Amino acid sequence: MHSVKSVEEQSLLLSKVDEQLSAAIELRHELHRNPALSGEEGPTADRIIAALDVSDFETVADTGRIVRIGPRTGPSIAIRAELDALPVHEKTGSPFASTNGGMHACGHDVHMAGAVALAKAAMTVDLPVALVFIFQPREESYPSGAGDIMDSGLLDAHDVRAVLGVHVHPDVPVGSVTTGAGVVNAASDEFRIVVEGTGGHSAYPHKSTDPIVTMAQIVSSVQTIVSRKIDPMNPVVVSFGSVHAGKAANVIPAMASASGSIRSSTAEDRLTIARELERTVRLVAEANNCTGTVEITHGEPVLSNDPELVGLVDPALQAQGFDAVEPMRSCGSDDFSFYSDVYPGLMMFLGTRTPTLRPDLTLHSADFLPDDESVAAVAKVLAAAYEALLPLVR
């Protein structure tokens, strides 16, 4: 059991964050210039550990790192920062732009640098409750790094009582933070459909069973799952990202394939879509004398913010000068949900400025580049949230 410090003592952590910002911004530039794709984050993780100048850390999920700061035993509050970049060719023109074919186009460089600033500040004060920093791999790809970390049991070993995350976002006004109790991100699954028929000459379609025509009907029919099988008050999206068949204009191929993603906001809808997708593919294929199969790869569960954490953290963020805005709820997904599925979790979305402030700019864009002030904002949002949650961890 650890006593909770007074407000005056707690504010020391935030003041110490300011002392770390210059080095953290330099680190952000270095990380942005040298991104590592999902599964290849070893050098990035090593650079984080070097910046923290610690020897006591744990390796997890192959290229992930866990660093505990504060009391060596007892409860802790965990903070997640993502290590990986995307296979995007950067177009920002920044002096610290990546040139290796990868890019931190989702702000992970900012998240890491902000977390490092907070961690370095935390080392200089007497924390009443430990901070456990999760530098997580493979947020952008499967198998999920967060899922592997949860399977490792390390967070239970650290007696984690809550998990915090912050994500920069261009759809949130600059200077604002949005939390929101309940669902803020959807569950995400991927599917692959294969339709098998019999190929033949394009001039004699009656002698073939055309998988392309069948696949076209499936693509259209699947959309009725959302419009006719799901409560319209529940956000759900089924999107096809690829459709492939054949190589020649005058040949009907024997096989067609398609893949896509499913976003759902309840566990029940997630099951319904999977069941109805399999049924639709099978029956449409049979109606066309073909066979159809579906393989579903389950990804992140629904990300829900804990209402109690929201109630404690929102006033603390406003006290630090951040504007509170309406919760940003979307059908995007984040594997932070693997943590919040087990522990009380809070994902905070931070409004960020970019050089252009283009209204069409989105995460994963080759032009997305939050300004350096976002590093300070990430660190201070996390510090304020940590201090706000101390009364819960006694």
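The values are calculated or read from the model by the stated rules, or taken from the named source; none is laboratory data. As the structure is a prediction and not an experimental result, all values here were calculated from the model. Note that we place each Cβ from the backbone using ideal geometry, even for glycine, and neighbour counts take in every protein chain shown. The area values use the complete protein model at the heavy-atom level, side chains included, leaving out ligands, DNA and RNA. Shrake-Rupley method; radii C 1.70, N 1.55, O 1.52, S 1.80 Å.
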| request: Could you calculate the contour length gain from His244 to Leu361, that is, 0.36 nm times the residue separation minus the distance between their Cα atoms, to one decimal place in nm? | output: 39.2 nm
| remark: Of the accessible area of segment 1-151, computed with a 1.4 Å probe and all protein chains kept, carbon and sulfur make up a percent value of 50 percent
| Along the Cα-to-Cβ line of Lys207, 7 Å from the Cα, sits a label point; which residues in segment 289-332 have backbone N less than 20 Å from it? | 289-290
| said: Give me the percent relative contact order of segment 177-322, please, defined on Cα pairs under 8 angstrom at least 6 residues apart. | reply: 41 percent
| request: Mind checking which of Ala249, Gly299, Gly260 is farthest towards the positive end of segment 234-339's charge dipole, using Cβ charges of +1 (Lys, Arg) and -1 (Asp, Glu) about the Cα centre? | output: Ala249
| query | Nearest-5 percent of antiparallel DSSP beta bridges in the chain? | reply | 70 percent
| request: With a 10 Å radius around each residue's Cβ, average the other Cβ atoms per peptide and rank 182-194, 109-121, highest first. | output: 109-121, 182-194
| said: If I compute solvent accessible area with a 1.4 Å probe over the protein chains, what percent of it on segment 306-362 is carbon and sulfur? | reply: 52 percent
| message | Can you compute the label reach from Ala287? Point 7 Å from Cα along the Cβ direction, backbone N cut-off under 18 Å, restricted to segment 177-211. | response | 194-197, 209-211
| Could you sort Cys106, Cys331 by accessible area so the largest value comes first, with the probe set to 1.4 Å? | Cys331, Cys106
| field | MRE, 222 nm, helices only [DSSP H, n ≥ 4, -39500 (n - 2.57), over the chain, to nearest 500] | value | -11500 deg cm²/dmol
| field | Rough spin-label spacing in nm, given labels placed 7 Å along Cα→Cβ, for Ser259 and Tyr142 | value | 0.9 nm
| task | Would you mind getting the accessible area per residue of segment 218-364, heavy atoms of the protein chains only, 1.4 Å probe, in Å²? | result | 52 Å²
| field | Length-normalised contact order of the chain in % [C-alpha pairs under 8 Å, at least 6 apart] | value | 24 percent
| request: Kindly write out, for segment 175-192 in residue order, the coupling ³J(HN,Hα) from the Karplus curve 6.51 cos²θ - 1.76 cosθ + 1.60 (θ = phi - 60°), rounded to whole Hz, with x marking Gly and Pro. | output: x, 10, 10, 10, 10, x, 6, x, 5, 10, 9, 7, 5, 10, 10, 10, 9, 9
| request: Take a quick pass over the chain and tell me how many lysine pairs come in under 21 angstrom between Cα atoms, counting only ones 8 or more apart or on separate chains. | output: 7
